[in-house]
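K.L.:
Got a structure for you, questions after.
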């Protein structure tokens, strides 16, 4: 098995990125602030089983997020619509197992590979990180910034990007 491709969406500068991993050598080169470090940190976060932080969400999508949180806290947007409006951080790993012996155990991937088509030799592993689907907890976290003695006091500041 070998990792053949990585796709990352909505992580820092990697809003919609794809990296083909060469079988022998993959070199990541770029100018400053082109997301080389972000790529490595994102992969490490996933492989270490850690969670992402708010700061990992793309700057380019935060204004829309702030707007929807304001609507939610003013009770003009329901939680389901808020939840659905937030695009998840997603990482996809493409594993090529074309060179493996078909009778060989594929290790940890075995339970996930269903040979519907014998010619298929790529496994796609998708990981998504979403807002926790807990309206009460989110409300409790945000309430102190929006309400005083049960009355809405202000919108949250939306940074100019």
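The values are calculated or read from the model by the stated rules, or taken from the named source; none is laboratory data. Only a predicted model underlies this, so the values are computations on that prediction, with no experimental measurement involved. Glycine gets a Cβ as well: all are built from the backbone with ideal geometry, and neighbour counts include every protein chain shown.
K.L.:
Looking for whichever is assigned to a loop (DSSP other than H, G, I, E, B), modelled with pLDDT of 90 or more, out of contact with any strand residue (DSSP E or B) (no Cβ under 6 Å at 6 or more places or on another chain) and within 18 Å of residue 57 (Cα to Cα) here; the options are 160, 133. Which one fits?
P.N.:
On inspection, the qualifying residue turns out to be 133.
K.L.:
Please give the number of the condition residue 73 fails out of (1) at pLDDT 95 or above; (2) over 22 Å from residue 20 (Cα atoms); (3) touching a strand residue (DSSP E or B) at 6+ places or on another chain (Cβ under 8 Å).
P.N.:
(1)
K.L.:
Now for a different question. Given the residues 26, 51, 60, 34, which is the only one that is touching a residue at least 40 places away in the same chain (Cβ under 8 Å) and either in a loop (DSSP other than H, G, I, E, B) or surrounded by 15 or more Cβ atoms within 10 Å (Cβ to Cβ) (or both)?
P.N.:
Exactly one residue qualifies, and that residue is 51.
K.L.:
Do we have any residue at all in the stretch 35-49 that's at positive phi and modelled with pLDDT under 90?
P.N.:
Checked against the condition, which is being at positive phi and modelled with pLDDT under 90, the stretch 35-49 yields no hits at all.
K.L.:
Count, please, the residues in the stretch 77-93 that happen to be assigned to a helix (DSSP H, G or I) and either crowded, with 16+ Cβ neighbours inside 10 Å or modelled with pLDDT under 95 (or both).
P.N.:
3
K.L.:
Another question about this same structure. Can we say residue 124 is modelled with pLDDT under 90 and either surrounded by 15 or more Cβ atoms within 10 Å (Cβ to Cβ) or assigned to a helix (DSSP H, G or I) (or both)?
P.N.:
Spelling it out, it is not the case that residue 124 is modelled with pLDDT under 90 and either surrounded by 15 or more Cβ atoms within 10 Å (Cβ to Cβ) or assigned to a helix (DSSP H, G or I) (or both).
K.L.:
Any residue at all in the stretch 68-76 that's at positive phi, free of Cβ contacts under 8 Å to residues at least 24 places away in the same chain and not in a helix (DSSP H, G or I)?
P.N.:
yes
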